[in-house]
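Comments concern the structure below.
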Amino acid sequence: MDNAIKTKIRGSTLNIVSLTKDDHGIYTYGPASVSLLPPDTIYNVTEGNEIPAISCMTDCKPACVYTWFGPNVPTGTGNVLKLQNIHKNQKGVFNCAASNNVGILNSTDMTIDVHWTRIKFAIRTKYYCSDKKKGDTLGPINCAATCNPPCQYKWTKLDKTVNISTQLMLASLSIEDHGQFRCTATNGIGSSGNKSLGVIVNYGPMEVILLPSTQQYTVEYGETIPAITCSASCRPDCKYMWSGPNDASFVLNLLSLPTIQKNQSGNYYCRASNEVGSMQSSIINVNVQYEPIVNKVTINGTNFTVSENTTVILYCNYEGNPAPTLTWTKNNIILGEDDENSGRSFYTINKVRCNDTGNYSCVANNSLGMSSAQQSLFVTCSPRLNVFKQQPPKTTGVLIGETLNLTVHIIAYPKLLKVNWTFQSSSTLGDERSNNYTTSLKSDLFTHVAYFYKYHLKKEDFGNYTLEIQNAIGGTVVHYFIDRAGSPDPPTDLLVICETSPIVVLWKPGFNGGTPQWFTVTWKDMKTNTSMVSSSIPDSDNGQYVKVTTSSLSDGATYLIYVEASNKYGRVRATMYDNCTTKSAEFFQSGNFIAVGVGAGIGTSLMILILAAIVVFIFKRLRRREETEGNAIYESTQSGSRELPANEDHLYNDLQQFQGDNNKQHIDQATYANQSF
């Protein structure tokens, strides 16, 4: 039997054939199979939940020891596996091993699938904040979550969906993109909650606002402009700087200009800036108005005393707002205006004369006030008569017993060294040593007045009086002839021009007899024996020619023309007379006359030259005749003088009937200066 198979093991069954005493003993065996109860091999569980207890069972001798294998099996687990508050790290394959000293056997595998949701950003910090600039690109930023089953992702901002994706990317950020972006991951099991990404979109100022919005301020010096606020929308907040005239700057958003100064006139603007950019506000113009200011007047630099015939340049600078009107004056008399408004003004005197001495002022005016500066100019010159003052006539008539007063105005600089009066009588009885007179001198800087008084004139006091004046530059002598007052001297140099239209009559006045004189012109028609009279023609007072014109004579008629001089002492007729035959209207219309431009006002030198040419022509044709009545000198009493206007009115009435005109002044009058015929 020894060779026969005595024992046979099949599976978990032991068969012993023909037992003997040698078979006596203790038999052991290992696990033949390992079972799990419940027998499920797959478990789906949500993280945090639990699965039913799972028992591991087998039959073995000696009794088996059970060991569970799988992810994060709790310590101390026996044959029963208990997974409570399951964690995602316990997801995986579990099995149980039964073992004794005979052998070891594993159970079948059991799979536990743990479902969970948890967002994990692809950035390290839990709350991420991204600083960007307007126009930048945001991202890509990934929203990653460990989920089982896999999650669905959504990015939102202000509860509005921005993107359904794990990735957030925004190109060209706008201001509206500033804020919190939230990523939500869901897998149907739970929600991750909201995990936020803070996005800061920085931007520079896009508009700078001024309040008030006034862009033009016109104020007077010393006033206050209300505060002006500068603001702008910026991120981060802007800093502000005001800029103004004279490189002024104010590091504030508030512009304050109290008690404004004149140098604060100009343009102001505010600049808002941050790390992203900057922008300038609109320009504010501040117009500070103030009274003019005139600095000192200079003459040829610093030389205020000059010689005659040199060129003098006066200069001043000035300012003011509104722009002042600049006027130059001499002794408070306006010389001219400077309309350039350049802040500088020049006044030039070419070939300065003695009478240019005086006080010159630069005067600036605007709507707020006036300012001036003055400087004296001294022109060195020899003594001479002051042409701007009334001087005694070179020939003067005075009644016996009256006082002779000669007041002579003189200009000279420097001061006078000699003022001397002398007298030469026109009478053989004259006493040149007569002392019944007084003299005096009144002097200013360059103007002087020499006075001569002689009382109770006698016949022998008539004659030549001479004034001699002298200073360091030179001297001059002035002669005055004093005659006995009476009727005027006859007019001389009578000239009648018939070849023109209107007809011209000229004459030279004689001595007025010591009192004002006037003239009368008579045109006597030789055929009708009627006369036309022009009366009350004033004297020229300076020996210049007197001229009258008329267009009222009859055509083709011959007239006798004579001139009379009158004063309060009497009347005298010119020793010369003339006759004139007027031309017909057809003559002048045909152009066969001498065209002479003769006006009714004061003649010019050119006019006199033309008249002189006519005189040469006229003298070849006209005859000069004298009549006995023309030589007579009419002297009348005052009563006779009073009758003269009545007689002239009678002649005027005849003339009025002849002319059919209601205007008494048919005769135009003028004087010619310093011309001889």
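The values are calculated or read from the model by the stated rules, or taken from the named source; none is laboratory data. Small disclaimer: the values here were computed from a predicted structure and weren't measured. As a convention, Cβ positions derive from the backbone with ideal geometry for all residues, glycine included, and neighbour counts pool all protein chains shown.
When the residues of the stretch 100-153 are filtered to those that are part of a loop (DSSP other than H, G, I, E, B), farther than 24 Å from P38 by Cα and among the hydroxyl-bearing types (S, T, Y), the one that is modelled with the highest pLDDT is T137.
For every residue, the table says whether it meets (1) over 30 Å from N331 (Cβ atoms); (2) of a type in the set (A, V, I, L, M).
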residue	(1), (2)
L417	no, yes
Y437	yes, no
K442	no, no
K454	yes, no
Y465	yes, no
E468	no, no
L494	yes, yes
L506	yes, yes
T515	yes, no
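Here V201 fulfils each of the conditions (1) at pLDDT 90 or above; (2) in contact with a His (Cβ under 6 Å, 6 or more places away or on another chain) apart from (1).
Sort out which residues of the stretch 295-319 are among the small types (G, A, S) and in contact with a helix residue (DSSP H, G or I) (Cβ under 9 Å, 6 or more places away or on another chain), and write them in order of number. Outline the logic, then answer.
Applying the first criterion (among the small types (G, A, S)) to the stretch 295-319 yields 301, 307.
Within the stretch 295-319, none qualify.
When restricted to residues that are part of a strand (DSSP E or B), of a type in the set (V, I, T) and within 18 Å of A32 (Cα to Cα), the stretch 51-87 contains 2.
Looking only at residues in the stretch 323-340 that are of a type outside the set (F, W, Y) and surrounded by 15 or more Cβ atoms within 10 Å (Cβ to Cβ), the one that is farthest from N287 (Cα to Cα) is K330. Only one entry of V546, V572, V563 meets the criterion of being within 58 Å of the chain's Cα centre (by Cα), part of a strand (DSSP E or B) and either at pLDDT 90 or above or not assigned by TED's automatic domain parsing to the domain that holds T528 (or both), and that entry is V546. Looking across the stretch 378-401 at every residue that is in contact (Cβ under 8 Å) with a residue 60 or more places away in the chain and exposed (fewer than 15 other Cβ atoms within 10 Å of the Cβ), the one that is nearest to the chain's Cα centre (by Cα) is identified as K394.
Residues in the stretch 264-277 that are surrounded by fewer than 17 Cβ atoms within 10 Å (Cβ to Cβ) and touching a residue at least 24 places away in the same chain (Cβ under 8 Å): E275, G277.
Tell me, yes or no, whether the stretch 542-565 has at least one residue that is over 19 Å from P490 (Cβ atoms) and among the charged types (D, E, K, R). Talk me through it step by step, then tell me what you get.
Quick first cut of the stretch 542-565, residues over 19 Å from P490 (Cβ atoms) only: 549-559.
Checking the rest, the ones that are also among the charged types (D, E, K, R) come to 555.
Taking every residue of the stretch 542-565 in turn, at least one turns out to be over 19 Å from P490 (Cβ atoms) and among the charged types (D, E, K, R).
The residue that is modelled with the highest pLDDT, among those in the stretch 243-278 that are within 30 Å of V201 (Cβ to Cβ) and within 20 Å of the chain's Cα centre (by Cα), is Y269.
Just to be sure I understand, how many residues within the stretch 514-564 are of a type in the set (S, T, Y) and within 30 Å of T396 (Cβ to Cβ)?
Narrowing the stretch 514-564 to residues of a type in the set (S, T, Y): 515, 520, 522, 528, 530-531, 534-536, 540, 545, 549-552, 554, 558-559, 562.
The next check asks that each one be within 30 Å of T396 (Cβ to Cβ); those that pass are 515, 520, 522, 534-536, 540, 545, 562.
Within the stretch 514-564, residues that are of a type in the set (S, T, Y) and within 30 Å of T396 (Cβ to Cβ) number 9.
Remark: pairs (first residue in the stretch 298-312, in contact (Cβ under 8 Å) with a residue 40 or more places away in the chain and at negative phi; second residue assigned to a loop (DSSP other than H, G, I, E, B) and among the basic types (K, R); Cβ separation under 9 Å; 6+ apart in sequence or on different chains) = E308/K351; E308/R353; T310/K351; T311/K351.
V478 fulfils the conditions (1) within 60 Å of the chain's Cα centre (by Cα); (2) surrounded by fewer than 16 Cβ atoms within 10 Å (Cβ to Cβ); (3) not in a loop (DSSP other than H, G, I, E, B) except for a single criterion, (2). The residue pairs whose first member lies in the stretch 493-520 and is under 15 Å from V572 (Cβ atoms), whose second member is of a type in the set (A, V, I, L, M) and part of a loop (DSSP other than H, G, I, E, B), and whose beta carbons are closer than 6 Å, counting only pairs six or more residues apart or on different chains, are L494/A574; L494/M576; G513/A485; G514/A485. Tally time: how many residues in the stretch 511-533 are in a strand (DSSP E or B) and under 11 Å from I561 (Cα atoms)? Residues in the stretch 511-533 being in a strand (DSSP E or B) and under 11 Å from I561 (Cα atoms): 9 in total.
Considering only residues in the stretch 77-104 that are of a type in the set (D, E, K, R) and touching a Phe, Trp or Tyr at 6+ places or on another chain (Cβ under 9 Å), the one that is farthest from N49 (Cα to Cα) turns out to be K91. Selection over the stretch 341-377 of residues that are aromatic (F, W, Y) and either surrounded by fewer than 19 Cβ atoms within 10 Å (Cβ to Cβ) or assigned by TED's automatic domain parsing to the domain that holds I473 (or both) gives a count of 1. P509 fulfils the conditions (1) surrounded by 15 or more Cβ atoms within 10 Å (Cβ to Cβ); (2) out of contact with any Gly (no Cβ under 7 Å at 6 or more places or on another chain) except for a single criterion, (2).
T492 falls short on exactly one of the conditions (1) modelled with pLDDT of 95 or more; (2) touching a Gly at 6+ places or on another chain (Cβ under 9 Å); (3) not aliphatic (A, V, I, L, M), and that condition is (1).
Selection of the stretch 40-58 for residues being modelled with pLDDT of 90 or more and either touching a helix residue (DSSP H, G or I) at 6+ places or on another chain (Cβ under 6 Å) or under 30 Å from N15 (Cβ atoms) (or both) yields C56, M57, T58.
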